[in-house]
Amino acid sequence: MNWHDLLNAIALLLILEGLLPFVNPEGLKNMYKAMLQMPERTLRMIGFGSIAVGLLLLYFV
């Protein structure tokens, strides 16, 4: 992996992260409000699941 690949990955991350607030800002606000009500354990498990899926996808690609 070189710097070009890393910068491409960061650019794609920023594009994907920006889609939801651009397309549906009110929905994003509601999602954050709902997340504030969730226990930390649930949020950690969602984060762990996301990391695991990302790692698996990266491995197979």
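We did not get these values from a lab; they are worked out from the coordinates using the rules stated. The model shown is predicted, which means the values in this text are computed figures rather than measured ones.
Numbers at a glance
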{"quantity": "Extension gain (nm, one decimal) between residue 16 and residue 57, 0.36 nm per residue minus Cα-Cα", "calculated": "13.2 nm"}
{"quantity": "Per-residue ³J(HN,Hα) for the range 19-26, Karplus 6.51 cos²θ - 1.76 cosθ + 1.60, θ = phi - 60°, Hz, x for Gly and Pro", "calculated": "5, 5, x, 6, 7, 9, x, 5"}
{"quantity": "Computed [θ] at 222 nm, deg cm²/dmol, the chain (DSSP H ≥ 4; -39,500 (n - 2.57); rounded to nearest 500)", "calculated": "-30500 deg cm²/dmol"}
{"quantity": "[x] 20, 12, 10; [y] 26, 18, 8; [z] 24, 14, 10, with the label sought being that of the calculated semi-axes √(5λ) of the Cα gyration tensor in Å", "calculated": "[y]"}
